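Scroll down for the structure; my scribbles are underneath it.
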2 protein chains.
Amino acid sequence: MRNKPLSVTIKDVAQLAGVSSATVSRVLAHQPHVTEKVRQHVLNAVNELHYQPNRVARSLRLQRANILGLVVADVQNPFFLAIVRAVEDIAIAHGYAVFLCNADEQVEKAKMYIDLMLAENVAGVIIAPSRAENDPCLACIEAGIPVVLIDRTLEDAQTDTVIVDNCQSAFRLVSHLIDDGYTRIGAIFGDLQVSTNRERRTGYEQALLTHNLPCAAELVRQGKPIQEVGYQLTCELLGLPEPPQALFCGNNLLTKGALQALHDRHLRIPDDIAVGAFDESDWTSLMQPALTVIAQPAYEIGTTATEFLLQRIRGDERPPREVVLNTAFHIRGSCAHHR
Amino acid sequence: MRNKPLSVTIKDVAQLAGVSSATVSRVLAHQPHVTEKVRQHVLNAVNELHYQPNRVARSLRLQRANILGLVVADVQNPFFLAIVRAVEDIAIAHGYAVFLCNADEQVEKAKMYIDLMLAENVAGVIIAPSRAENDPCLACIEAGIPVVLIDRTLEDAQTDTVIVDNCQSAFRLVSHLIDDGYTRIGAIFGDLQVSTNRERRTGYEQALLTHNLPCAAELVRQGKPIQEVGYQLTCELLGLPEPPQALFCGNNLLTKGALQALHDRHLRIPDDIAVGAFDESDWTSLMQPALTVIAQPAYEIGTTATEFLLQRIRGDERPPREVVLNTAFHIRGSCAHHR
DNA sequence: GTGAAAGCGCTAACAC
DNA sequence: GTGTTAGCGCTTTCAC
C-alpha cells in the first residue's frame, strides 16, 4: 500500500494559532462569540498551513456529507447531460460536490447507486428516472433525505418536482404539422409507464382531435427509448399499407433511430416524410434539412431542481412544489407545407 | 433541519449476533480466523438488519475512501462520455464509487475539483485533461495518490498512461485522402500544448511528406477544441485564395463546427470538399453522406485506465506503464475519389 | 469567549 | 478465534 502523507488537521491549526481545536472549528463555521483577535490568529494559521477541512471527518460527525446525489437515466442522452452540468454548477457554487449516478435505464443499477449514496451520507438527491419503477427513489424519502424529482412525476412520492409541459408541447408540434397540411401523422414514444411519454401522447392525440382528424391506433407506437427501438418502430410505420406523411418522435434517441431508418430507405425529408421531434440535440441543427424540435430547458431544469434541493437541505419544510417550465419550439426545414 | 433516522451500525449487528463489532468487521472483510458458525451468525444478523457499512466512517478510519476520482475535460464530448461510462462500470464492479469532475476546459475548475477529491480521500484518480496545464494533476501525485492519465501524456508526470497512436492514425487518414487524389488538404487542430493535438498534426505532416506533397502552413489552423472555433477556422481555410480540396478535422467538436461552416456555405461533401475526422460520434454515421472517421476505443481506454488504477491502489509498485491502444478507421462517403 | 472531552462508525493492534 | 480498545478529524455540548 502506498503511504499517504499526513495532511494538516484542525489540531495543527489550533496549535499554531495557540488556541483549541474547538475555537478553530468555530471560526471556520463563522460562529459568533469569537474575539476578533483570536479569529485573525486562526485565519492566519489556516492560510499558513494551507489547511483544508477533512470533508470525510466532517461528514461522519454531522451525519451528512456536503454531497448532492444526482441520478439520471442515461448520461449519453444530451438532455440529461445538460442537467448534469447545471446541477454541478449550482452545487459547486454552494460548496457541494455532486455524486453522479448513471442508472443506464436499469432499475437495479439505480437502486444500487441509491444505496451507495445513502451509505455516503449525501445531503440530498435529485432523481431523473426514465422508468416507472419508483422503489429506489422512495428509499431516499424514507431515509429522510430531501429529494427533488425532475423530468417526470411520481404518483406515490410527495416531493418537489421540476418538469415541462409535455402535453402542451406535443400539442403544439403536432398542430403545426397539421397546419402544414399533414393529416396522417405517425408517432413513436417511449414507455408509457413514464408520465412524460403518456403526456406527450396525450398532446399528440388532442391535437388530432382538436383538428377533427382520426386517431389511428396503427400510427402510434411505443417502446424503450433507445435508438434501436426508434429504428424498428419507424420501420413498422413505414411498412403500413398507408404509411404516415409525417412523423412525430417523442424522444431524442428515438429520433436518431427514426432518422436512420428514413436514411436507409432513401426517404427525403420533408418531401417524402416530414419529421418533428421532442428534444434538441447538438446535431439537430446540423442535419440537412435541420430538424423541427421542441427544446426542453434542460439546464434550467437542473438549476431549479438544485436550488429547491438546497432549500430543503437548509430545512425548508414547505409543502412539496411542482414547477412546470416552458419549452421552446424551433421550426426548421424537416417539416414544410405538404405537397 | 430534517432529522435523519438513525441507521443500523456495526454495533447493532454485533449485538444481534452476540459477538463484538471487531468480529463483524472481520467477517465482512473476508478475513480468515473466524469460525464458520460465528460467521453464519454474523451474516444472518447483517441480512436481518439490512446492515450496510457506513462508507464515511470507513473512509475516515482507513484514510482512504472507496471512491475513484475521474477528471475529464468536457463531459459533453462523446469521447469523454464513453470513458466515463467505462470507468463507472469497472469501478462499481469493484465496489468503488466514481467522483466525476467535469473540468469544462477550465484549469481553475480542474484544480478546485482535485482539491475537493483530495479532501474526500479518493483512493485514486484518472485524469483526462484537455489542456497542457499540469498543476492540478501533479497535486495528486504529490499527495501520494495513484494517478492514471488518459488521452494524453504529461512530460513532468511519471505515471501510468493510456493513449492511442494519434500520429499513426492521422497519418492513415490523411494518406487515404491523398490516395483518393486530394493534394491540397486543410487541417484544423486543438491547442498544440496538448500532446494529442501535436501528434495528430505530426501524422498529418508526415503523410504529406511521405507522398511528396508540400506542407503549406496556410492550410493548418489550430485553436480551442470547441465547435465555434472549428467553424471559424474552417471559414478561414475556405477563404484562402486557393481553398483546400479536403479537410482533416482533428477533434469531434472541431468537426461539428467545420460541418456547420460547410453547410452554411452550401458546399457539398465530398463533391466540393472532402472531409475526414478524428473521433466517432453518434451523428457521424447519420449524416448525408456519412463521415469518414478515426474511431478511438474510448470505452476500452476507460476500462484499461481503471484496471491500472485499481492495481496501483492495491499496492502495485511497478514502474509507470504507457499503453497505446489501436484506433479504428471507418471509411465512409465524406471522402471519395477526387474529380 | 474559550477549552476539555465525548463521540460519529469503523478498523486494526494488541490482549487473552 | 474473539474481545477490548484506541483513534481517524471533526463538531458540539458542557464547564469555567
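Which of the lysines could a cross-linker span from A:Lys224 if the Cα-Cα distance has to be under 30 Å and same-chain partners fewer than 8 positions apart are dropped?
Candidates past the 8-residue exclusion: A:Lys109, A:Lys111, A:Lys256, B:Lys256.
Mind listing which GluC sites (Glu not before Pro) in segment B:153-255 are in a DSSP loop and have 16 or fewer other Cβ atoms within 10 Å?
Here the sparse-neighbourhood loop sites are B:Glu155.
Let's see if you can work this out: charge +1 on each Lys and Arg Cβ, -1 on each Asp and Glu Cβ, no other charges. What is the dipole magnitude of the protein assembly as shown about its Cα centre, in debye to the nearest 20?
Magnitude of the dipole: close to 1840 debye.
Taking every DSSP beta bridge that has both residues in the protein assembly as shown, what percent is antiparallel when rounded to the nearest 5?
Among the beta bridges of the protein assembly as shown, antiparallel pairing accounts for roughly 10 percent.
Percent of Cα-Cα pairs per 10 Å bin, from 0 to the last occupied bin, for segment B:199-274, please list those.
19, 52, 28, 1
Work out how far the C-alpha atoms of segment B:88-128 reach from end to end along every principal axis, then list the three figures in whole Å, largest first.
31, 20, 10
Tell me which residues come under 5 Å, amide H to amide H, from B:Tyr182 once H is placed; ignore anything under 5 positions away on its chain.
Answer set, sorted by chain and number: B:His338.
Magnitude of the Cβ-charge dipole of segment B:62-141, K/R +1 and D/E -1, about the Cα centre, nearest 20 debye?
I would put it at about 200 debye.
Would you order B:Val324, B:Val229 from fewest to most other beta-carbon atoms within 10 Å of each residue's own beta-carbon?
With the sparsest Cβ surroundings first, the list reads B:Val324, B:Val229.
Which whole number in µm²/s is D for segment A:1-137 by Stokes-Einstein, with the Kirkwood Rh taken over Cα pairs at 10 °C and 1.306 mPa s?
Answer, rounded: 91 µm²/s.
In square nanometres and to one decimal, what's the mean projected area of the convex hull around the Cα atoms of segment B:183-339?
Mean projected area of the Cα convex hull: 10.7 nm².
Counting only other residues whose beta carbon sits under 11 Å from that of B:Val164, what net charge do I get with K and R as +1, D and E as -1?
-3
Which of the lysines could a cross-linker bridge to A:Lys37, judged by Cα under 30 Å and excluding same-chain residues fewer than eight apart?
Correct list for A:Lys37: A:Lys11.
Report ³J(HN,Hα) in whole Hz for each residue of segment B:53-58, in order, from the Karplus equation J = 6.51 cos²θ - 1.76 cosθ + 1.60 where θ = phi - 60°; Gly and Pro get x.
Karplus values, whole Hz, x for Gly and Pro: x, 6, 5, 5, 4, 4.
Compute the projected area of the convex hull of the Cα atoms of the protein assembly as shown, averaged over all viewing directions, and report it in nm² to one decimal place.
On the way: hull surface 141.1 nm².
Result: a mean projected hull area of 35.3 nm².
Going by how many other beta carbons lie within 10 Å of each one, how would you line up B:Phe308, A:Phe248, fewest first?
With the fewest neighbours first, B:Phe308, A:Phe248 line up as B:Phe308, A:Phe248.
Percentage of Cα-Cα pair distances in chain A greater than 33 Å, rounded to whole percent?
41 percent
Return the whole-Å distance between the Cα centroid of segment A:194-224 and the Cα centroid of segment B:313-339.
45 Å
Could you give the radius of gyration (one decimal) and Dmax (whole number) of the Cα atoms in segment A:111-205, in Å?
Gyration radius and largest Cα-Cα distance of segment A:111-205: 17.0, 56 Å.
Given the C-alpha centroids of segment A:167-185 and segment A:89-162, what is the distance between them in whole angstrom?
Comparing the Cα centres of segment A:167-185 and segment A:89-162, I get a distance of 35 Å.
If neighbour count is taken as other Cβ atoms inside 10 Å, put B:Tyr204, B:Tyr96 in order from fewest to most.
Ascending number of Cβ neighbours within 10 Å: B:Tyr96, B:Tyr204.
Throughout, read-outs are computed from the coordinates displayed, never taken from laboratory work. Remember, predicted model here, so these are calculated numbers, not experimental data. Because the Cβ atoms are built from the backbone with ideal geometry, glycine has one as well, and the counts that use them run over all protein chains shown.
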